[in-house]
1. Hey, GLU145 hits all of (1) acidic (Asp, Glu); (2) modelled with pLDDT under 95; (3) more than 9 Å from ligand 2 (Cβ to nearest atom) but one; which does it fall short on?
2. Against the condition farther than 18 Å from SER156 by Cβ and not in a helix (DSSP H, G or I), how does GLU167 come out, does it pass?
3. So TYR109 clears everything in (1) over 25 Å from PRO5 (Cβ atoms); (2) assigned to a strand (DSSP E or B); (3) away from ligand 2 (no atom under 16 Å from the Cβ); (4) not hydrophobic (A, V, I, L, M, F, W, C) except one condition, right? Which one?
4. Have a look at VAL54, VAL99, VAL70 and point out the one that is closer than 18 Å to ALA189 by Cα and either in contact with a His (Cβ under 9 Å, 6 or more places away or on another chain) or at pLDDT 95 or above (or both).
5. Looking only at the stretch 175-194, decide whether some residue is assigned to a loop (DSSP other than H, G, I, E, B) and within 13 Å of ligand 2 (Cβ to nearest atom).
6. Could you check ALA189 against (1) modelled with pLDDT of 95 or more; (2) away from ligand 1 (no atom under 15 Å from the Cβ) and say which number it fails?
7. Could you look through the stretch 1-21, keep only residues that are hydrophobic (A, V, I, L, M, F, W, C) and modelled with pLDDT of 95 or more, and pick out the one that is surrounded by the most Cβ atoms within 10 Å (Cβ to Cβ)?
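The values are calculated or read from the model by the stated rules, or taken from the named source; none is laboratory data. As the structure is a computational prediction, the values presented were derived from the model and not from experiment. Heads up, the Cβs are rebuilt from the backbone with ideal geometry, glycines too, and the neighbour counts pull from every protein chain shown.
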Amino acid sequence: MTARPVKRVIFCDFDGTITENDNIVAIIRHFNPAGWETIVNDIVGQRKSIRQGVGELFRLLPTSMKKEVVDYAISNAKIRAGFADLLAFCKEHDIQFYVTSGGIDFFVYPLLAPFGIPEDHIYCNGSDFSGERIDITWPHPCEGECKTDCGMCKTSIIRRFPAGQFERILIGDSVTDFEGAKLVDVVFARSHLTQKCKELGLPYHEYKTFHDVIDVLNLQEATT
Ligand SMILES: [Mg+2]
Ligand SMILES: [Zn+2]
């Protein structure tokens, strides 16, 4: 087997991608604080930045509910079929795998714990339960060129892997993936991200499970 000219790197979303549903929306819908629907609609409709909107959503919840919120998030989430197989495939084919999530640490890390992904390959937002309301913290903000106010800025991370040296692959489902999808070489999309790719005329592969992703990556492997 000859060496590939460029290394492949995957940037994989978490909510609605690795997990079947969006955990942030599931949490907020479950606890149902007044006013959440407008905020979610404004985020998805891109009338409000993700950072602002997600911050507002969690501030609707008091920190006295920490245990219920954390327990609900973790017990409610379901991992999409084929995820462990995709990780094994990446290892086998020397593809770097990063989780680039607009989700929150208190559910992202526990849900990923069984899969053995190194912690420095997981990017997500943080949380602070020390005040009266749940405060989201933003350790990976937009750098330089990104003016989108992402919260967890996927494009800032993607730009650390220069186009000439890496084939950049994004797997996602929704608004946190829109900017990254414009930047990368290969997009795997479902849900809102599929619509966005159609709107922008971006090529994409649709997936339902990670086995669909593996099939396409395998084909790439065979043809390059
Ligand atoms: Mg998502
Ligand atoms: Zn950004």
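1. Going through (1) acidic (Asp, Glu); (2) modelled with pLDDT under 95; (3) more than 9 Å from ligand 2 (Cβ to nearest atom) one by one, GLU145 breaks only (3).
2. yes
3. Result: TYR109 fails condition (2) only.
4. Among VAL54, VAL99, VAL70, only VAL99 is closer than 18 Å to ALA189 by Cα and either in contact with a His (Cβ under 9 Å, 6 or more places away or on another chain) or at pLDDT 95 or above (or both).
5. No; the residues of the stretch 175-194 include none that is assigned to a loop (DSSP other than H, G, I, E, B) and within 13 Å of ligand 2 (Cβ to nearest atom).
6. If we test ALA189 against (1) modelled with pLDDT of 95 or more; (2) away from ligand 1 (no atom under 15 Å from the Cβ), just (2) comes out false.
7. PHE14
Residue-wise test of (1) crowded, with 19+ Cβ neighbours inside 10 Å; (2) more than 20 Å from ILE10 (Cβ to Cβ); (3) away from ligand 1 (no atom under 16 Å from the Cβ).
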{"site": "LYS78", "(1), (2), (3)": "no, yes, no"}
{"site": "LYS91", "(1), (2), (3)": "no, no, yes"}
{"site": "ASP94", "(1), (2), (3)": "no, no, yes"}
{"site": "ASP135", "(1), (2), (3)": "no, yes, yes"}
{"site": "GLU143", "(1), (2), (3)": "no, yes, yes"}
